[in-house]
Amino acid sequence: MYGIGIVGLGTMGRRLAESFKANPAFRIVAAYDPAAAETTIPMVGSVDELVGHPSVRCVYVATPPLTHEGIVKTVAGAGKAVFCEKPLAATQAAARACVDAVARAGIPAAVNFPFATAPAAVRLKELVETGALGDDLSAHLTLRFRQWPRGWQQGATTWLAGPEQGGFTREVVSHFMFLALRLFGPGQLTECTVERGDMGTEARVHAVLRFARATMTIDGAVGGTEEEFNRFEVKGSRSAAVISEWYRLTHESGDIAPVRADAGQIAELALLLEGRPNRLATFEEAAQVVLLIEEILGA
């Protein structure tokens, strides 16, 4: 059984805590969050105390992006494994520093991109790799938000609403950027327009990226009456497949109903800690996501 330490008990920290509790391979040892709500998880007084706990084998980092580099370096310095929330960082330099820290330490490390294990994303990858969609692949991502941050994220408004580490491009587009890299190989930004709102975060984004196997267009905006809309379509010469509502896949070969990937992510983390092959996003993959996301935001 692997002892887990959690840094950050916000929405994601609490959500994955439940998945850790449900998996017999893990035991939550303690958590640290200076602003934590009431919890049954034993709390410690600092990141250093958590990382230094002798029963903690792996640290789950569920804090805002600007804090990730420092925490990852602390975990790596202690020789513990690390499972970090996305985005890995809010700058390209910080992402690279995280990659270098875990590489030097030689520790197991992964980033929590649920599309690594979500059934809809896994099936879409099969459709692309087997040629079921055909040739001349193209992808189109459409995102709409009634407000930003979203209603359920109001507790994290202080950082999600600001341009330093927030905005829907880092928070949401990064998920689909990871998926595109998994599906299509390396990519580069070829066209981009960003309009910003009063808070400095993006209100509208239009971008075109060219990957090794496909071209991808991003159309994202804050506005409208629907709380959240997301649709990722991949078209080929034979057919098209669509991921919508985060985890729903639609394709002529059969649909997949929405299923959250949290349990799958934790199961794959157990494989990582066992030293076995796993599907989790590597730090290097996450750094490539940061590179493309920050290029978009810097346009």
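The values are calculated or read from the model by the stated rules, or taken from the named source; none is laboratory data. None of the values given here were measured: they were computed from a predicted structure. Heads up, the Cβs are rebuilt from the backbone with ideal geometry, glycines too, and the neighbour counts pull from every protein chain shown. Each accessible area value is taken on the protein alone, full model and side chains, heavy atoms only, with ligands, DNA and RNA left out. Shrake-Rupley method; radii C 1.70, N 1.55, O 1.52, S 1.80 Å.
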Practice problem: For region 76-83, state whether one or more residues are crowded, with 20+ Cβ neighbours inside 10 Å, not in a strand (DSSP E or B) and not charged (D, E, K, R). | Solution: yes
Quiz prompt | Lone qualifier among Glu191, Glu252 - being over 28 Å from Ala97 (Cα atoms) and modelled with pLDDT of 95 or more | solution = Glu252
Exercise. Assess whether Arg238 counts as being in contact with a Gly (Cβ under 7 Å, 6 or more places away or on another chain), part of a strand (DSSP E or B) and under 22 Å from Glu126 (Cα atoms).
Key: no
Exercise. Kindly indicate which of Ala110, Ala95, Ala103, Ala89 is open to solvent by less than 20 Å² (accessible area, probe 1.4 Å), in a helix (DSSP H, G or I) and of a type outside the set (Val, Ile, Thr).
Key: Ala95
Quiz item: So, in region 167-222, of the ones that are among the hydroxyl-bearing types (Ser, Thr, Tyr) and assigned to a helix (DSSP H, G or I), which residue ends up farthest from Leu124 (Cα to Cα)?
Solution: Thr169
Quiz item: Which of the following residues is touching a helix residue (DSSP H, G or I) at 6+ places or on another chain (Cβ under 8 Å), farther than 18 Å from Ala263 by Cα and touching a residue at least 24 places away in the same chain (Cβ under 8 Å): Thr11, Thr91?
Solution: Thr91
Quiz prompt | Conditions (1) touching a helix residue (DSSP H, G or I) at 6+ places or on another chain (Cβ under 8 Å); (2) more than 22 Å from Gly106 (Cβ to Cβ); (3) outside any helix (DSSP H, G or I): number failed by Ala299 | solution = (1)
Exercise. Among the candidates Val51, Val29, Val72, Val59, single out the residue that is outside any helix (DSSP H, G or I) and open to solvent by less than 10 Å² (accessible area, probe 1.4 Å).
Key: Val59
Exercise. Exactly one condition in (1) aromatic (Phe, Trp, Tyr); (2) under 20 Å from Arg123 (Cα atoms); (3) surrounded by fewer than 18 Cβ atoms within 10 Å (Cβ to Cβ) is not met by Phe232; state its number.
Key: (3)
Self-check item: Residues of region 165-190 satisfying the condition of being without any contact (Cβ under 8 Å) to a residue 60 or more places away in the chain and among the aliphatic types (A, V, I, L, M)
Solution: Val172, Ala180, Leu183
Quiz item: Taking region 116-162, which residues are open to solvent by less than 10 Å² (accessible area, probe 1.4 Å), farther than 26 Å from Arg196 by Cβ and either assigned to a helix (DSSP H, G or I) or free of Cβ contacts under 8 Å to residues at least 40 places away in the same chain (or both)?
Solution: Ala116, Ala120, Ala121, Leu124, Leu127, Val128
Exercise. Please go through region 238-280 and pick out each residue that is open to solvent by 60 Å² or more (accessible area, probe 1.4 Å) and touching a Leu at 6+ places or on another chain (Cβ under 8 Å).
Key: Arg238, Ser253, Asp255, Pro277
Practice problem: Could you tell me which numbered condition Thr217 fails, if it satisfies all but one of (1) open to solvent by less than 20 Å² (accessible area, probe 1.4 Å); (2) among the polar types (S, T, N, Q); (3) within 22 Å of the chain's Cα centre (by Cα); (4) over 18 Å from Gly166 (Cα atoms)? | Solution: (1)
Quiz item: Which residue pairs have Cβ atoms under 7 Å apart, sit 6 or more places apart or on different chains, and have a first residue in region 192-203 that is closer than 17 Å to Leu160 by Cα and open to solvent by less than 30 Å² (accessible area, probe 1.4 Å) and a second that is of a type in the set (S, T, N, Q) and at pLDDT 95 or above?
Solution: Glu202/Thr169
Quiz prompt | Odd one out for Arg210, checked against (1) over 22 Å from Glu129 (Cα atoms); (2) open to solvent by 30 Å² or more (accessible area, probe 1.4 Å); (3) at pLDDT 95 or above; (4) not polar (S, T, N, Q) | solution = (1)
